[in-house]
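Chemist: Quick one: the structure is below, questions incoming.
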Amino acid sequence: MRLRNLNTFVTVARLGSFHAAAQQLHATQPAISARINALEDELGTQLLIRDKTGTRLSPRGTQLLPYAEKLLAISQEMKQQVAEENPQKGTLRIGIADTLAHLWLSPLLKHWQEQHPLMSFELISDVTPTLIRQLKDYQLDLALMVADQISTPELVTEPLCSYPQYWVSAPQLLSGNRVNSIIDLSQYPILSFPRDTRPWDYLQQLFRSLDETPVFHTCSSVANLLALTLQGVGVALLPEPIIREALASGSLVELKVGEHPPKLAFCCSWRLDDDRILPRLLADGGREIMAG
């Protein structure tokens, strides 16, 4: 597949005109048509529809466009990397969910430094709704965050990792009482991540059927949620890596209350219109570190 034909397709799609594309690419209109025809023949499908109303993408053309843009961006960055004697310089702004920062920030930053020694990294820890908003507003270049159930067309989003969750409590909070159901749980304060986050939404669904809603205390810091749970302030639903040591030492006990909670999934995300390959490379490095 020739990159020139892909570039021609992307240009026509963006400008909505074969004539305008020919002017921008300094080619004749028949040459532009020939490149599009060659690409369509190679893929075995129509990519552009031309009629009296103008030129528009076919359904298959709409499907191909983001992939063509990615291939062209990768090709351009590859050429720049090979041509430059020095590694990439600059600043990359990365948002990271507090849980991932608590578990992985140090190994992530060390890995990124080794791969990109002249890059500077601005790291921001926040909740997922804020990170999504900052990505869309061009305040971040990459976000590692809780996987959101709502699709965001402006962003490329790929799976990163996931962890089982457990209900836990300090033994002294229970005072020997047994907790076997959601009703039993609701008798204690519930420690939670902030409202409008995915963990918060899950807890709201979980307790919706009860006559009385339990008392909730929220905090955006997983380290503080863990500390509050250890001190017997309330019960909490926390990712397994966060509570592993406390469960092993007996500082926390697991509360088994019916169906096991769903895993807490994380994703990596960057803007669809970001032509650089660097956000993807950093995301891939993060996935490698977390899988190891």
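The values are calculated or read from the model by the stated rules, or taken from the named source; none is laboratory data. Since the structure is predicted, the reported quantities are computational estimates derived from the model, not experimental observations. With ideal geometry, Cβ positions are generated from the backbone for all residues, glycine too; neighbour counts draw on all protein chains shown. Note: areas computed on protein heavy atoms with side chains; ligands, DNA, RNA excluded. Shrake-Rupley method; radii C 1.70, N 1.55, O 1.52, S 1.80 Å.
Chemist: Condition check: loosely packed, with under 14 Cβ neighbours inside 10 Å, outside any loop (DSSP other than H, G, I, E, B) and at pLDDT 85 or above. Does Glu69 satisfy that?
Modeler: Judged against the criteria, Glu69 is not a match.
Conditions (1) open to solvent by 40 Å² or more (accessible area, probe 1.4 Å); (2) at pLDDT 90 or above; (3) of a type in the set (Val, Ile, Thr), marked per residue:
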site	(1), (2), (3)
Arg2	yes, no, no
Val10	no, yes, yes
Ala13	no, yes, no
Thr28	yes, no, yes
Leu39	no, yes, no
Leu43	yes, yes, no
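Chemist: Another question, then. If I go through the stretch 236-269 residue by residue, how many of them are under 28 Å from the mean Cα position of the chain (by Cα) and outside any loop (DSSP other than H, G, I, E, B)?
Modeler: Of the residues in that region, 16 qualify.
Chemist: For the stretch 250-270, what are the residues that are buried (at least 20 other Cβ atoms within 10 Å of the Cβ) and either polar (S, T, N, Q) or within 30 Å of Tyr138 (Cα to Cα) (or both)?
Modeler: If the condition is that a residue be buried (at least 20 other Cβ atoms within 10 Å of the Cβ) and either polar (S, T, N, Q) or within 30 Å of Tyr138 (Cα to Cα) (or both), then Leu264, Phe266, Cys267, Cys268, Ser269, Trp270 are the ones that fit.
Chemist: Just to be sure I understand, how many residues within the stretch 210-249 are open to solvent by 60 Å² or more (accessible area, probe 1.4 Å), among the polar types (S, T, N, Q) and out of contact with any Phe, Trp or Tyr (no Cβ under 8 Å at 6 or more places or on another chain)?
Modeler: Total meeting the criteria: 3.
Chemist: Filter the stretch 25-51 down to the residues that are free of Cβ contacts under 8 Å to residues at least 12 places away in the same chain and among the polar types (S, T, N, Q), then identify the one that is nearest to Leu65 (Cα to Cα).
Modeler: In this case the residue turns out to be Asn37.
Chemist: Scanning the stretch 95-110 for residues that are in contact with a Ser or Thr (Cβ under 8 Å, 6 or more places away or on another chain) and closer than 17 Å to Thr218 by Cβ, which turns out most open to solvent (accessible area, probe 1.4 Å)?
Modeler: The selected residue is Asp98.
Chemist: Let me confirm something: among Ile49, Ile74, which residue is surrounded by 13 or more Cβ atoms within 10 Å (Cβ to Cβ) and closer than 18 Å to Asp273 by Cβ?
Modeler: Values: Ile49 fails: closer than 18 Å to Asp273 by Cβ.
Criteria check complete, one pass: Ile74.
Chemist: Is the stretch 218-226 home to any residue that is part of a helix (DSSP H, G or I), within 20 Å of the chain's Cα centre (by Cα) and closer than 23 Å to Gln134 by Cβ?
Modeler: Yes, the stretch 218-226 contains a residue that is part of a helix (DSSP H, G or I), within 20 Å of the chain's Cα centre (by Cα) and closer than 23 Å to Gln134 by Cβ.
Chemist: So which pairs qualify, if the first residue must be in the stretch 222-249 and under 17 Å from Leu203 (Cα atoms), the second must be part of a strand (DSSP E or B) and open to solvent by 60 Å² or more (accessible area, probe 1.4 Å), the Cβ gap must be under 7 Å, and the two must be at least 6 apart or on different chains?
Modeler: So the pair list comes out as Gly234/His217.
Chemist: Show the residue pairs that are 6+ apart or on different chains and have beta-carbon atoms under 6 Å apart, the first residue being within the stretch 117-146 and free of Cβ contacts under 8 Å to residues at least 40 places away in the same chain, the second being of a type in the set (Lys, Arg) and surrounded by fewer than 19 Cβ atoms within 10 Å (Cβ to Cβ).
Modeler: Partner pairs satisfying both residue conditions: Leu118/Lys89; Glu122/Arg93.
Chemist: Could you grab me the full set of residues in the stretch 52-63 that are open to solvent by 40 Å² or more (accessible area, probe 1.4 Å), within 23 Å of Pro153 (Cα to Cα) and not hydrophobic (A, V, I, L, M, F, W, C)?
Modeler: The answer is Arg56, Pro59, Arg60, Thr62, Gln63.
Chemist: I'd like to verify a number: residues in the stretch 38-71 that are in contact with a strand residue (DSSP E or B) (Cβ under 6 Å, 6 or more places away or on another chain) and over 16 Å from Ala21 (Cβ atoms), how many?
Modeler: Residues in the stretch 38-71 being in contact with a strand residue (DSSP E or B) (Cβ under 6 Å, 6 or more places away or on another chain) and over 16 Å from Ala21 (Cβ atoms): 1 in total.
Chemist: What are the residue pairs meeting all of these: first residue in the stretch 192-218, first residue closer than 20 Å to Cys267 by Cβ and of a type in the set (Phe, Trp, Tyr), second residue assigned to a loop (DSSP other than H, G, I, E, B) and open to solvent by 20 Å² or more (accessible area, probe 1.4 Å), Cβ atoms under 6 Å, and 6 or more apart or on different chains?
Modeler: Trp200/Phe193
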